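A.B. asks: Once you've had a glance at the structure underneath, I'll fire off some questions.
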Ligand SMILES: [Zn+2]
C-alpha cells in the first residue's frame, strides 16, 4: 500500500502546498504547514486518516 503524497488533513498535494513528511505506524505520511498544528494539538481530528490518532492525546489537558 502506497500512501498518497498529500496532506492527511486536507488532501492537497505538493503541487498546491509545501508538504512535510512524518512517519506513523511504519509508513510515511504527509501534512501541509497549515494543518501541522492540528496534528500537534488536536490529532483526534485526523483519526479518519490516521487510525489511532484519537488516542494521541496531548500530554496535559486542562479544561
Ligand atoms: Zn492540509
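A.B. asks: Label-point separation (nm) for residue 42 and residue 10, each offset 7 Å from Cα along Cα-to-Cβ?
C.D. replies: Placing both labels 7 Å along Cα→Cβ, they lie 1.4 nm apart.
A.B. asks: I've got another one for you. Take every Cα pair under 8 Å in region 1-54 that's 6+ residues apart, average their separations, divide by the length, and report that relative contact order as a whole percent.
C.D. replies: 29 percent
A.B. asks: Now a separate question. Calculate for the chain the 222 nm mean residue ellipticity that helices alone would give, adding -39,500 (n - 2.57) per DSSP H run of length 4 or more and normalising by residue count, nearest 500 deg cm²/dmol.
C.D. replies: Working: 1 runs with 6 residues, N = 63.
It lands at -2000 deg cm²/dmol.
A.B. asks: Find the eigenvalues of the gyration tensor of the Cα atoms of region 1-54, then list the square roots of 5 times those eigenvalues as equivalent ellipsoid semi-axes, largest first, in whole angstrom.
C.D. replies: 16, 14, 9
All of the numbers you see were taken from the coordinates with simple rules; none came from a lab. This structure is a prediction, so every number in the text was calculated from the model and none was measured. Note that we place each Cβ from the backbone using ideal geometry, even for glycine, and neighbour counts take in every protein chain shown.
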